[in-house]
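We did not get these values from a lab; they are worked out from the coordinates using the rules stated. Small disclaimer: the values here were computed from a predicted structure and weren't measured. Glycine gets a Cβ as well: all are built from the backbone with ideal geometry, and neighbour counts include every protein chain shown.
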Amino acid sequence: MDTDALKLARSLKTRGLPERLTWGAVELSVTDLDRAVRFWTGALGFLPRPDPGTGVALGTSERTLLILQPGAQRPVMNDVTGLYHAAFAVPSQEEFSRLLTRFKGLELRVSPVDHTMSKAIYLNDPDGHGIEIALETPERFARFDEASSSFAMIDSEGRFRSGRDPLDIKAELAAAAGTDPSAPIAPETVVAHIHLHVPALEPGLDWFEGLGFARNLLLPSMGMADMGAGAAYTHRLALNIWAGRGAPPAPDHTARLLRYHLTTSDAALFKQASTHLHLDAAGNLSGSDPAGATLSLAFSRATRTERDAA
């Protein structure tokens, strides 16, 4: 089975072009700012970052990944749209295994899963915000299986995979040998994807197509879909209706996804997105997404200049 996201990935690779969109920082509201900062720095190894606003910016030594904002009066609610989880991709098997070792040592409640195209560790912060630590492994993926009556894929060795297999924890932990579990998160860590609760799949897919994301999987029986942005890893954005069809946005007084940031170096894409987003004072495009969060899309002029010069 081929998908628009896979076709886009092949096209951009052939032309030597980067992904259409890359993720920037994710902004979350929390009930107890000090507690949240302690969790993200103590459990995940995030580092303080400069932030001119009212919140606390955290990330790696090289980039901001997260901004925590005070003001929520209660934890994350169920049965509303908004964030399902934010995924942070680490650069290597060693770093993935080191973090798993760290979580085990802290006795955190985690769920390790093998998605074939990636490995994942799921956990929640104290307010219930979903977190995924991801190691992207698109080289292990061969194709989606069209013969199966349910979702399945074939890996690079020709094996049938469900995409939701358990990880071999013993093998994963062994790959952390010689590392320091207490070290900060790797500098190369990035925001990999966001997974959202939305009120309906098709309108959500249509809306994000207008930003330049390409459809990958639509799985009505599972109540979810995902989209790519031009990389071999085609799970850059995911949508689900697990909070209920027609679910309302998260109330303002709850811990929730406030805003997320995207960047593009594609001038045509930026112009296309301007048809349903508005230009803000900083020269970025901004608007409210189908989940009720605010999106900010920036145009990377530096990348454009480098490409034009080439």
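Just a few scattered comments:
- Under 5 Å, built H, 5+ apart or other chain: amide partners of residue 179: none
- Per the Kirkwood formula applied to alpha carbons, segment 181-310 shows a radius of gyration over Rh ratio, Rg over Rh, of 1.00.
- Segment 11-21 - phi-based ³J(HN,Hα) in whole Hz, Karplus 6.51/-1.76/1.60, Gly and Pro as x: 5, 5, 5, 4, 8, x, 9, x, 4, 5, 9
- Mean residue ellipticity, 222 nm, helices only, the chain: the sum of -39500 (n - 2.57) across DSSP H runs of n ≥ 4, divided by residue count and rounded to 500, is -6000 deg cm²/dmol.
- Computed log₁₀ I(q)/I(0) - Debye formula, equal Cα scatterers, no solvent, segment 37-173, q 0.12, 0.19 Å⁻¹: -0.58, -1.17
- For segment 153-310, the share of DSSP beta bridges that are antiparallel, to the nearest 5, is 60%.
- Filtered GluC sites (Glu not before Pro), segment 147-205: DSSP coil and at most 12 other beta carbons within 10 Å: 157
- The antiparallel fraction among DSSP beta bridges confined to the chain stands at about 70%.
- Checking every one of the GluC sites (Glu not before Pro) in segment 28-117 against DSSP loop status and a limit of 13 other Cβ atoms within 10 Å picks out 62, 107.
- Using the empirical formula 2.2 N^0.38 Å as the baseline, the Cα radius of gyration of segment 229-270 reaches a ratio of 1.64.
- Dimensionless Rg ratio for segment 1-108, taking C-alpha atoms and the 2.2 N^0.38 Å reference: 1.34
- Inter-centroid distance (Cα atoms) of segment 270-293 relative to segment 3-36, Å: 16
- The reciprocal of the average 1/r between distinct C-alpha atoms defines the Kirkwood hydrodynamic radius, which for the chain equals 20.1 Å.
- Subset of 119/271; 7/119; 7/271 violating a 27 Å alpha-carbon distance limit: 119/271
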